[in-house]
1. Taking the stretch 37-52 as the search range and keeping residues that are at pLDDT below 85 and on the phi < 0 side of the Ramachandran plot, which one is surrounded by the fewest Cβ atoms within 10 Å (Cβ to Cβ)?
2. Residues to consider are 20, 26, 10; find the one that is at pLDDT 80 or above, more than 26 Å from the chain's Cα centre (by Cα) and part of a helix (DSSP H, G or I).
């Protein structure tokens, strides 16, 4: 006959294992999302700045884009700069 403390220990071990498995699964999902986001950002900047495909800005930048760089405050909100290709304003 299994005593109560032995059964509780096994139950606790099973719970700990399930929690570890869940944490590993969440970390894997988060890592995949980070990799996906990094690839998207690299593609956006490569397309816009290296390939100078201004029309691509419509795929990557929101029409409500906000410039957060304090040195570039003169740039109006939106993606007009990218779509218009008016690089002299930067």
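1. If we filter the stretch 37-52 for residues that are at pLDDT below 85, which is where we start, we get 48-49, 52.
Filter again for on the phi < 0 side of the Ramachandran plot, leaving 48-49.
Values: 48: 19, 49: 11.
So, considering only residues that are at pLDDT below 85 and on the phi < 0 side of the Ramachandran plot, the one surrounded by the fewest Cβ atoms within 10 Å (Cβ to Cβ) is 49.
2. Numbers: 20 fails: more than 26 Å from the chain's Cα centre (by Cα); 26 fails: more than 26 Å from the chain's Cα centre (by Cα).
Within the list 20, 26, 10, the selection yields 10.
The values are calculated or read from the model by the stated rules, or taken from the named source; none is laboratory data. Predicted model, so just to flag it, every value in this text is computed and none were measured. Cβ atoms come from the backbone with ideal geometry, glycine included; neighbour counts cover every protein chain shown.
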